[in-house]
Amino acid sequence: MNAMTTPLAQEMAAIIAAEGPLSLDRFMALALGHPRHGYYMTRDPFGAGGDFITAPEISQIFGELLGLALAITWQNMGAPEGVAVAELGPGRGTLMSDALRAARAIPAFAETLEPHFVETSPVLMRAQAARLAQDGRDANWHATIDSLPEDRPLLILANEFFDALPVRQFQRAGNHWHERLVGLDPAGGLAVGLAQEPAANIPFAAPEGAIFETSPLSLDIMRRLGERIARQGGAMIAIDYGHAKSGFGDTLQAVKAHRFVPVLTDPGEVDITAHVDFAMLAIAAKRGGALVHPLLTQASLLERLGIHHRAEILKRKAENPAEIDRAVARLAGTDDAAMGLLFKAIAITAPGMAPPPGFEQPDPRLS
């Protein structure tokens, strides 16, 4: 399908014609968050009938283990009265629902916590409200992290949140870095090109053609979360796909109906993400004053939290135990088709705090 057939593509073309090419982060922000035509603003993209599936939708075990990890973290904080449990980019609310159910194992934690969602999609907010209503819970919604409570500790979960935040890209050409922009090709379609003027303040040396990718918004959010956690107390566990060490390369990708498609295809109707640079996220959190604990693979984290033990318990009452085995293999497996090594987990806490469960030791798979 031609990229100009979507309403958002036509609107982008009009903006480019009037104002000039779009930076990639502006293109991505419009494609995902445009108030009328943005991908996340108009649909529920999850599950077999959507465009992709996330870990909480694969198995309840994922959210249960994270919920117990937060409960134990709360105990290690001295069991403060009143704590905000916040999820960034909460999808359908499945992760929060499973985490809250597991939190009942420590009744005092379940009673004192208050659920919060950072969400901008009206479609997904309705799904989240319905999911928590089934659990007898009400949630509080926030368009950004800025309005999260400031009068209590924060316990934050972020699963596949940072990968959807906009990125900028710069390409090495003629001994200079030039920003990659979205403009119009001779036929009037969307196309990627380079800014004529060299970009300033990029000190890296690299070979001709190398691409430097960065997400200023991700780093700003992580720095500010680090500041909040350092000031208020608490912890954050963020899980996403990405790389442990910074490097060069174009990681932008688009998915539609569980298949990869060109990034500029059908803007507003495809999911667009980029791999997360965990090394830079760690630096941003430290600049905010938080303590950063060693990065783990998702496989290591889930294994340390007891995914196999929990699976065996569920299999005793399951109609189809093989489905649970397949879910565990997908979440914690280490082959190319699984999520275990591609996805990483980072934890930050207030200074002086013990790490959340599972994060005590470095991950040998990342050494």
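Just so it is clear, none of the values below were taken in a lab; they were calculated from the coordinates. Here the structure is a predicted model, which means the values were calculated and not measured. We place every Cβ from the backbone using ideal geometry, glycine too, and count neighbours over all the protein chains shown.
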Seminar exercise, completed: Cα-Cα pairs in the stretch 203-242 separated by more than 13 Å, as a whole percent of all pairs, come to 69
Exercise. Say each of T112 and K315 gets a label point 7 Å from the Cα, pointing the same way as Cα to Cβ; how far apart are those two points in nm?
Worked result: 3.7
Seminar exercise, completed: Dipole check, the chain, charges on Cβ (K,R +1; D,E -1), about Cα centroid: among G249, A338, L314 the Cα furthest to the positive pole belongs to L314
Problem set entry | Fluctuation leader among I15, I348, I145 - the chain, Gaussian network, Cα springs under 10 angstrom | I15
Seminar exercise, completed: Taking Rh as the Kirkwood radius computed over alpha-carbon pairs of the stretch 151-226 and applying Stokes-Einstein at 25 °C with viscosity 0.890 mPa s, one gets a diffusion coefficient in µm² s⁻¹ of 163
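With both partners inside the chain, how many of the DSSP beta bridges are antiparallel, as a percent to the nearest 5?
60
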For this session: Assuming R0 = 35 Å, can you tell me the calculated FRET efficiency for the pair D138 and E11, based on Cβ-Cβ distance, to the nearest 0.05?
Result: 0.45
Exercise. Once phi is turned into ³J(HN,Hα) by the Karplus curve 6.51 cos²θ - 1.76 cosθ + 1.60 with θ = phi - 60°, what whole-Hz value does each residue of the stretch 70-83 show in order, with x for glycine and proline?
Worked result: 5, 4, 5, 4, 4, 4, 5, 7, x, 6, x, 7, x, 8
Problem set entry | For the stretch 266-274, 3J(HN,Hα) per residue [Karplus equation, 6.51 cos²θ - 1.76 cosθ + 1.60, θ = phi - 60°, Hz, x = Gly/Pro] | 6, x, x, 10, 10, 7, 10, 9, 9
Exercise. Which length gain, in nm to one decimal place, applies between T334 and H176 when the Cα-Cα distance is subtracted from 0.36 nm times their residue separation?
Worked result: 53.0 nm
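How about the stretch 250-342: which GluC sites (Glu not before Pro) there are in a DSSP loop, with at most 14 other Cβ atoms within 10 Å of their Cβ?
When the GluC sites (Glu not before Pro) of the stretch 250-342 are filtered for loop state and at most 14 Cβ neighbours within 10 Å, E319 remain.
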For this session: Just subtract the alpha-carbon distance of H308 and R224 from 0.36 nm times their residue separation and send over the number in nm, one decimal.
Result: 26.7 nm
Exercise. Expressed in nm to one decimal, what extension gain is obtained for the pair R101 and H258 from 0.36 nm per residue of sequence separation less their Cα-Cα distance?
Worked result: 53.6 nm
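Given R₀ = 22 Å, what would the calculated FRET efficiency be for A18 paired with Q196, taking r from the Cβ atoms and rounding to 0.05? Numbers along the way, then the final one.
Details: r = 19 Å, r/R0 = 0.85.
The computed FRET efficiency comes out at 0.75.
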For this session: Scan the stretch 210-256 for trypsin sites (Lys or Arg not before Pro) in coil per DSSP, keeping those whose Cβ has at most 13 other Cβ atoms within 10 Å, and list them by number.
Result: K245
Seminar exercise, completed: Rounded to one decimal in nm, the spacing of the 7 Å Cα→Cβ label points at E360 and S147 is 4.1
For this session: Taking the chain as the reference, fit the longest principal axis to its C-alpha atoms, fit the long axis of helix 24-33 to the helix C-alpha atoms, and give the angle between the two in degrees, 0 to 90, nearest 10.
Result: 50
Exercise. Along the stretch 234-244, what does the Karplus equation 6.51 cos²θ - 1.76 cosθ + 1.60 (θ = phi - 60°) give for ³J(HN,Hα), rounded to whole Hz, x for Gly and Pro?
Worked result: x, 7, 9, 10, 10, 10, 6, 8, x, 10, 6
Exercise. Lysines within cross-link reach of K256: Cα-Cα under 30 Å, excluding same-chain residues under 8 positions apart?
Worked result: K245, K344
